[in-house]
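Q: I'd like to ask some things about the structure below.
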Amino acid sequence: MTSASVAGPAAVLVFLDPELEGGRVADASKPQLMATDQGATRGDGVFESLLAVGGRPRKLQAHLDRLAGSARVLELDIPAEDQWRRAIETAIREFRGPQAPDTAEAPAPADELVVKLLVTRGVEGEGRPTCWVQASAPGAAGRRQRETGIDVLLLDRGYDSEIGERAPWLLLGAKTLSYAVNMAALRYAHHQGADDVIFISADGRVLEGPTSTVLLAHLETSDDGQGGVRTIRRLITPQLDSGILPGTSQGALFTAAKAAGWELGYGPLEPKDLLDADAVWLISSIRLLAPVNHIDGKEIGTPELRKQLTAELNALYATIE
């Protein structure tokens, strides 16, 4: 495959191959996956999605670590980290095509690229996983939602918050290819005129979005001890032991927020905590921070406060590599 044209390819595929440094570039316009691959027939596999900005993947180590963790849960033997890194470099280079030399200036906001790392259990009977990297342009909806905000529905996920400990075979802490339920939830929300979903457990705990992590913020004022008033900013996310996927973006943002003086908290959270928050976001590696305007029709905070807090957190997130 030749380098990307001016218009660029729809997608670039790079299959990991231990005999080819940088992987094997494949034609994304032609069939590449065997019909008997268990990723296609059973959704048996794991994946990661990350954003590359200006040709540089963000939070790469965190995504590689989570991919390895998901693979261990599914008992998948995946290639070493260095092979993934080389294949990612190849996919980004092939997609972007000839570029001007890197400069110290920040890349244009439009220079974003979605990079997916995918692993299936492979063709049934062969005992060898299928592994590849896909590079493609991000959709317009994600950028629009991070700029204008989203309306969200609360949906019952159908099990309690302790099911992950009782039933580890449900793979609740792994990022698997089995996303049919998540996509069905999003379609349901769209039919109801909403943009996204926050799942609630059967025992009333806030969990996560179909493709995102939940964040909420509270502002509190207190005496600063010198006759003035100080504002305490608190950022909160649901507990990981409730059977949700650890968010790489949430983790990185928490680190940056703590350094900036924010207080941090981890659930347990109930729906009323969301409704009473000064701001709520769904955060993910591709869409980034999407402020929640309404939950089940109820406005969260005020437009001015949502805009202010979103700008503050976006500034912190921009410092993350």
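Q: Short version: ³J(HN,Hα) in whole Hz for each residue of region 187-194, in order, from phi by Karplus 6.51 cos²θ - 1.76 cosθ + 1.60 (θ = phi - 60°), x for Gly and Pro, what are they?
A: So the J values, rounded to whole Hz, are 5, 4, 4, 5, 5, 8, x, 9.
Q: Restricting to Cα atoms and excluding each atom paired with itself, what does the Kirkwood estimate give for region 256-321 in Å? If you can, show how the numbers build up before the last one.
A: Details: mean 1/r = 0.0773 Å⁻¹.
Final number for the Kirkwood radius of region 256-321 is 12.9 Å.
Q: Of Gln192, Leu177, Gly164, which is farthest towards the positive pole of region 164-227's charge dipole, taken about the Cα centre with +1 and -1 on the beta-carbons of Lys, Arg and Asp, Glu respectively?
A: Result: Leu177, furthest along the dipole toward the positive end.
Q: So, one more: So how many Å³ per residue does the convex hull of the Cα atoms of region 16-170 work out to? Display every interim value, and only then the final one.
A: Numbers: hull volume 26.7 nm³, N = 155.
Enclosed volume per residue, from the Cα hull, is 172 Å³.
Q: Can you give me the % of accessible surface on region 172-269 that is carbon or sulfur? Probe 1.4 Å, all protein chains present, nothing else counted. Walk me through the intermediate numbers first.
A: Numbers: 2180 of 4390 Å².
Summing carbon and sulfur atoms, their accessible area is 50 percent of the total for region 172-269.
Q: Using the Karplus curve 6.51 cos²θ - 1.76 cosθ + 1.60 with θ = phi - 60°, what ³J(HN,Hα) values do you get for each residue of region 48-61, in whole Hz, with x for Gly and Pro?
A: 9, 10, 9, 9, 10, 10, x, x, 10, x, 9, 6, 4, 4
Q: What are the extents of the Cα atoms of region 102-219 along their three principal axes, listed from largest to smallest and rounded to whole Å?
A: 52, 52, 31
Q: Once amide H atoms are placed 1.01 Å from N in the peptide plane, what residues at a sequence separation of 5 or more from Glu208, or on another chain, have their amide H within under 5 Å of its amide H?
A: Phe199
Q: Distance in nm between label sites at Gln192 and Ala311, each 7 Å beyond Cα in the beta-carbon direction?
A: 3.3 nm
Q: While we're looking at this one, here's another question. Taking H placed 1.01 Å from N in the peptide plane, check which residues at least 5 places from Ile295 or on another chain put their amide H under 5 Å from its amide H.
A: Val152, Ile300
Q: Starting from the alpha-carbon convex hull of region 182-292, give the projected area averaged over all orientations, in nm². Before the final figure, lay out the partial values.
A: Values: hull surface 32.3 nm².
Across all orientations, region 182-292 yields a mean hull projection of 8.1 nm².
Q: Please quote Rg/Rh for region 153-206 to two decimal places, taking the Kirkwood radius as Rh and restricting both calculations to Cα atoms. Don't skip to the end; give the middle numbers.
A: Numbers: Rg = 12.1 Å, Rh = 12.1 Å.
That ratio is 1.00, to two decimals.
Q: Binning at 10 Å from 0, report for the chain what percent of all alpha-carbon pair distances ends up in each bin.
A: Histogram of Cα-Cα distances, whole percents per bin: 5, 24, 32, 24, 11, 2, 1, 0.
Q: Go through Gly301, Gln61, Ser201 and say which Cα lies farthest out towards the positive end of the charge dipole of the chain; charges sit on Cβ, +1 for Lys and Arg, -1 for Asp and Glu.
A: Gln61
Q: Return the FRET efficiency for the residue pair Arg24, Val73: r is the Cβ-Cβ distance, R0 is 22 Å, and the value is rounded to the nearest 0.05. Mind showing how you got there, number by number?
A: Working: r = 27 Å, r/R0 = 1.24.
With R0 = 22 Å, the Cβ-Cβ based efficiency is 0.20.
Q: Give me the 1.4 Å probe accessible area per residue for the chain, excluding ligands and nucleic acids, in Å². It would help to have the intermediate numbers written out before the result.
A: Working: 15990 Å² over 321 residues.
Ligands and nucleic acids excluded, the figure is 50 Å² per residue.
Q: Using a 1.4 angstrom probe on the protein heavy atoms only, could you order Ser284, Ser29 from most to least accessible area? Present the calculation step by step, with values, prior to reporting the outcome.
A: On the way: Ser284 20, Ser29 100 Å².
Descending order: Ser29, Ser284.
Q: For the chain, what is the mean residue ellipticity at 222 nm derived from helices alone (per DSSP H run of n ≥ 4: -39500 (n - 2.57); sum divided by total residues; nearest 500 deg cm²/dmol)?
A: Details: 9 runs with 92 residues, N = 321.
Calculated at 222 nm, the ellipticity per residue is -8500 deg cm²/dmol.
Q: With θ set to phi - 60°, apply the Karplus curve 6.51 cos²θ - 1.76 cosθ + 1.60 along region 80-91 and write out the HN-Hα couplings as whole Hz, x wherever there is a Gly or Pro.
A: 3J(HN,Hα) across region 80-91, in whole Hz: 5, 4, 5, 5, 5, 4, 5, 5, 5, 4, 5, 4.
The values are calculated or read from the model by the stated rules, or taken from the named source; none is laboratory data. For clarity, every value in this text was computed on a predicted model and none was experimentally measured. Don't worry about glycine lacking a Cβ; one is built from the backbone with ideal geometry, like all the others, and counts go over all protein chains shown. All accessible areas refer to the heavy atoms of the entire protein, side chains included, with ligands and DNA or RNA removed. Shrake-Rupley method; radii C 1.70, N 1.55, O 1.52, S 1.80 Å.
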